[in-house]
Amino acid sequence: MTASTAAAVVASLGLAAGAASCVDFYEVPVEIPLQAKIDVSQFQRVLVYGFLAGGSNAIDPNTETARLLRSQLRSKQDLKVIDSDAVSLVDEVDRRQASSGAPMERPPADTGPSAKNEPKIKTDKDLQPYQTIFDDKEFWKAIGERYQSPLIVTGSVMFSEMTKSGMVSKPQQYVDSTGQTRYQEVHEWADLKGYSLDSKFIFIDGRTGEQLYTEPLHEESLYPSTQNTPALSSYFELMDKVLPSFLNTLSTQKIRGTRILIK
Amino acid sequence: MRVKTWLVASLVLIVLGLAAPAFADRRAEARDQVDFGITVAQRGLWKEAVLHWEKAVEIDKTYGAAWNDLGIGYEQLGRFDDARKAYEKALEVEPGNQMIRQNYDQFRENYDRLNRRRGGR
């Protein structure tokens with residue numbers, strides 16, 4: 001090694017060391033703990049009973065929600081998940097109304113040819129008279145007794161089609177005066193369609209029938225009207241957004257991210 | 001009159017001259033705590049890191065980076081209200097620091113969601 005090479009190596013090492021010592025911030029991974037919202041230590045089991053479901057008839061929100069929540073609960077928290085079929089609370093309420101003989105106050109029903117396939121609950125207004133079932137402690141206590149006093153998960157799920165018009169932004173390619181291809185953001189008016197999810201998860205103590213916690217959540221997914229998005233994939237996309245919050249009710253969840261430590 | 005002015009000016013310079021090294025000493029001492037806190041935080045020892053950053057802001061209350069790191073530490077320990085106060089103090093001291101702003105914005109996403117839940121039922 002010549003003297004000049006050695007000097008260059010020493011100089012570059014010196015520069016590297018200098019640069020390293022100049023670093024005055026560090027990006028670090030963090031795991032932010034979000035404590036569970038309710039104490040479930042007194043339960044050994046959780047029962048996803050069923051939901052008041054409505055909105056679009058493109059999917060069955062009751063069955064899909066019960067199935068998805070069960071699979072998530074099995075893998076992401078410690079309570080034993082009870083296997084059972086999802087009960088339609090709409091049918092349950094209708095049955096009780098029929099046996100009591102009292103007519104339910106409902107908006108006038110559509111009598112058109114497609115009415116047969118329409119869900120009974122299409123709007124919040126339709127949903128309201130059914131919600132009294134959540135306050136029926138004796139009913140939930142009886143369910144609890146049947147399944148050995150679990151934590152009961154129920155609530156309402158409205159999955160509805162929606163359309164909106166508004167400004168959307170998208171990148172547009174152009175060639176500048178030097179001949180280089182560049183991109184700019186352009187805004188344009190567009191018709192959008194998609195789905196909304198209005199869910200309310202209710203956690204009930206199976207020993208007493210009392211409500212422990214209620215969490216209303218609303219999410220929307222909109223796509224260009226030219227895009228054909230299947231209802232079920234949109235449903236899963238929306239549920240993905242509400243699941244962390246749902247799971248955080250029963251178990252501590254960790255949110256992963258990064259932060260910058262500064263010297 | 002001119003002598004008096006010179007005397008006052010000299011006194012001011014002396015006071016500043018004495019204060020500047022004292023400030024530099026405090027900052028250096030606080031910086032040692034911050035450095036050590038970062039070293040242990042990178043090894044996942046967040047509780048210990050927080051102790052050092054708390055010491056740093058105790059030594060030098062105008063050290064924005066120390067408040068920022070303390071905010072991150074509190075956040076990692078789930079002490080969200082303390083984290084908010086620390087981040088806000090960091091921004092008060094260094095309002096133009098984009099790294100602090102970025103940390104604070106990311107923190108607020110979780111913090112606001114959490115507070116919506118606290119008033120959820």
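What is the dipole size for chain A, taken about its Cα centre, with +1 at each Lys and Arg Cβ and -1 at each Asp and Glu Cβ, in debye to the nearest 20? Walk me through the numbers on the way to the answer.
Values: 28 positive and 34 negative charges, 120 e Å.
Here chain A has a charge dipole of around 580 debye.
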Practice task
Would you kindly compute the Cα radius of gyration of the range A:24-262 and its largest Cα-Cα separation (Dmax), both in Å?
Solution key: 22.5, 81
Practice task
Filter the GluC sites (Glu not before Pro) in the range A:28-106 down to the DSSP loop ones having no more than 16 other Cβ atoms within 10 Å, then list what survives.
Solution key: A:Glu105
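To the nearest 500 deg cm²/dmol, what mean residue ellipticity at 222 nm is calculated for chain A from DSSP H runs of n ≥ 4 alone, each contributing -39,500 (n - 2.57), summed and divided by the residues?
It lands at -10000 deg cm²/dmol.
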Practice task
Could you list which residues have their amide H under 5 Å from that of A:Val30, counting only those 5 or more apart in sequence or on another chain, with H placed in the peptide plane?
Solution key: A:Gly257, A:Thr258, A:Arg259
Completion exercise
If one compares the long axis through the Cα atoms of helix A:89-100 with the longest principal axis of the Cα atoms of chain A, the angle in degrees, nearest 10, works out at 20 degrees
Practice task
Determine ³J(HN,Hα), in whole Hz, for all residues of the range A:58-67 in sequence, where each value follows from phi through the Karplus function 6.51 cos²θ - 1.76 cosθ + 1.60 and θ = phi - 60°; x replaces Gly and Pro.
Solution key: 5, 9, 9, x, 5, 5, 5, 5, 4, 5
Problem - Amide proton proximity set for A:Arg45, modelled H, under 5 Å, gap of 5+ - result: A:Lys80, A:Leu151
Problem - Within chain A, percent of DSSP bridges classed antiparallel, to nearest 5 - result: 80 percent
Completion exercise
Phi-derived 3J(HN,Hα) across the range A:197-211 with the Karplus relation (6.51, -1.76, 1.60, θ = phi - 60°), rounded Hz, x for Gly and Pro, is 10, 10, 10, 9, 8, 10, 10, 10, 6, x, 7, 10, x, 7, 6
Exercise for the section: With a bin width of 10 angstrom, please list the P(r) values of the range A:162-241 as percents of all Cα-Cα pairs, from the 0 bin to the one holding the largest distance. Expected result: 15, 27, 24, 17, 10, 5, 2, 1
Practice task
Tabulate in residue order the Karplus-calculated ³J(HN,Hα) for the range B:35-51, using 6.51 cos²θ - 1.76 cosθ + 1.60 with θ = phi - 60°, rounded to whole Hz; enter x for Gly and Pro.
Solution key: 4, 5, x, 5, 4, 6, 5, 5, 9, x, 8, 5, 5, 5, 4, 4, 4
Fill in the blank from the handout: For A:Asp191, the residues 5 or more places away or on another chain with a placed amide H closer than 5 Å to its own amide H are A:Ser225
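Filter A:Lys141/A:Lys200; A:Lys193/A:Lys241; A:Lys37/A:Lys263; A:Lys80/A:Lys120; A:Lys37/A:Lys141 down to the pairs with a C-alpha to C-alpha distance above 24 Å, please.
Details: A:Lys141/A:Lys200 20 Å; A:Lys193/A:Lys241 18 Å; A:Lys37/A:Lys263 36 Å; A:Lys80/A:Lys120 33 Å; A:Lys37/A:Lys141 22 Å.
Long pairs (Cα-Cα over 24 Å): A:Lys37/A:Lys263; A:Lys80/A:Lys120.
Values quoted throughout were computed directly from the atomic coordinates according to the rules given, and no laboratory measurement underlies them. Just so you know, these numbers come straight off a predicted model, no measurement behind them. Cβ sites come from the backbone with ideal geometry, for glycine too, and all protein chains shown count toward neighbours.
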